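Asker: Here it is, the structure in full.
The values are calculated or read from the model by the stated rules, or taken from the named source; none is laboratory data. On a predicted model such as this, the values are computed, not experimentally measured, just so you know. So basically every Cβ, Gly included, is an ideal-geometry build from the backbone, and we count neighbours across all protein chains shown. SASA here: full protein model, heavy atoms, side chains in, ligands and nucleic acids out. Shrake-Rupley method; radii C 1.70, N 1.55, O 1.52, S 1.80 Å.
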Amino acid sequence: MSHPVETIQTIYAAFGRGDIPFILAQLASDVAWEHWSSHSAQAAGVPWMAKRCDPAGAQQFFELIGSFTFHRFDVQQILAGGNEVVGRVAIDVSLPNGRRVQDDEIHWFRFNSAGQIDAFRHYLDSAKHIAAAG
């Protein structure tokens, strides 16, 4: 089993080359994708922030953002502690609706005892994403 930081590095590399099946294979069958008790972007209906509950749901997320045009996706730093890893990422994307989002995000990953990702969240500027989603 690889170290969680190495797993996240390989996930970001897979994302860069469009290898979504590799990413999905790193997820637990019950992965909690964007599970929040309260999140303004979810309440506003931002599609890419929707709560999803398994790898099929995560695949829906990747299909949705696959329609974005990425001008920038820079992983600036990866930090870890215990079974959690965060990636600090700068993004610049154009959406199919013509709107553009530039943001600094934190991607939070939690690993289970089998070394699989069992939870994931984006920490981002909700107001920017709500405005972009329309």
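Asker: If you go through the range 41-53 one residue at a time, do you hit one that is modelled with pLDDT of 95 or more, part of a strand (DSSP E or B) and within 22 Å of residue 4 (Cβ to Cβ)?
Answerer: Yes: one or more hits.
Asker: Which residue is most open to solvent (accessible area, probe 1.4 Å), if the candidates are limited to the range 88-99 and must be in a strand (DSSP E or B) and over 18 Å from residue 61 (Cα atoms)?
Answerer: Looking at residues that are in a strand (DSSP E or B) and over 18 Å from residue 61 (Cα atoms), I get 88.
Asker: Here's a follow-up. Taking the criterion of being without any contact (Cβ under 8 Å) to a residue 60 or more places away in the chain, of a type outside the set (Lys, Arg), within 23 Å of residue 17 (Cα to Cα) and in a strand (DSSP E or B), would at least one residue in the range 108-123 satisfy it?
Answerer: yes
Asker: Do you know which residues across the range 64-87 are assigned to a strand (DSSP E or B) and small (Gly, Ala, Ser)?
Answerer: 80, 81, 87
Asker: Would a scan of the range 4-25 turn up a residue that is closer than 16 Å to residue 125 by Cα, at pLDDT 95 or above and in contact with a strand residue (DSSP E or B) (Cβ under 7 Å, 6 or more places away or on another chain)?
Answerer: No, there is no match, as no residue in the range 4-25 is closer than 16 Å to residue 125 by Cα, at pLDDT 95 or above and in contact with a strand residue (DSSP E or B) (Cβ under 7 Å, 6 or more places away or on another chain).
Asker: Quick check on this structure: which one of 41, 32, 13 is touching a His at 6+ places or on another chain (Cβ under 6 Å) and among the aliphatic types (A, V, I, L, M)?
Answerer: Only one candidate passes the filter, namely 41.
Asker: Moving to a separate point now. Give the range 100-124 a look and list any residue that's more than 21 Å from residue 27 (Cα to Cα) and open to solvent by less than 60 Å² (accessible area, probe 1.4 Å), or say none.
Answerer: Within the range 100-124, 101, 103, 124 qualify.
Asker: Using the structure shown, decide if residue 52 is among the basic types (Lys, Arg), in contact with a helix residue (DSSP H, G or I) (Cβ under 8 Å, 6 or more places away or on another chain) and surrounded by 15 or more Cβ atoms within 10 Å (Cβ to Cβ).
Answerer: yes
Asker: For the range 61-87, enumerate the residues that are under 24 Å from residue 114 (Cα atoms) and open to solvent by 20 Å² or more (accessible area, probe 1.4 Å).
Answerer: Scanning the range 61-87 gives 62, 78, 79, 80, 81, 82, 83, 84, 86.
Asker: While we're looking at this one, here's another question. Report, ordered by the first and then the second residue, all pairs with beta carbons closer than 6 Å, sequence separation of six or more or different chains, a first member in the range 43-64 that is at positive phi, and a second member that is of a type in the set (Lys, Arg).
Answerer: If the second residue must be of a type in the set (Lys, Arg), no pairs are left.
Asker: List the number of the failed condition for residue 34; all other conditions in (1) open to solvent by less than 50 Å² (accessible area, probe 1.4 Å); (2) on the phi < 0 side of the Ramachandran plot hold.
Answerer: (2)
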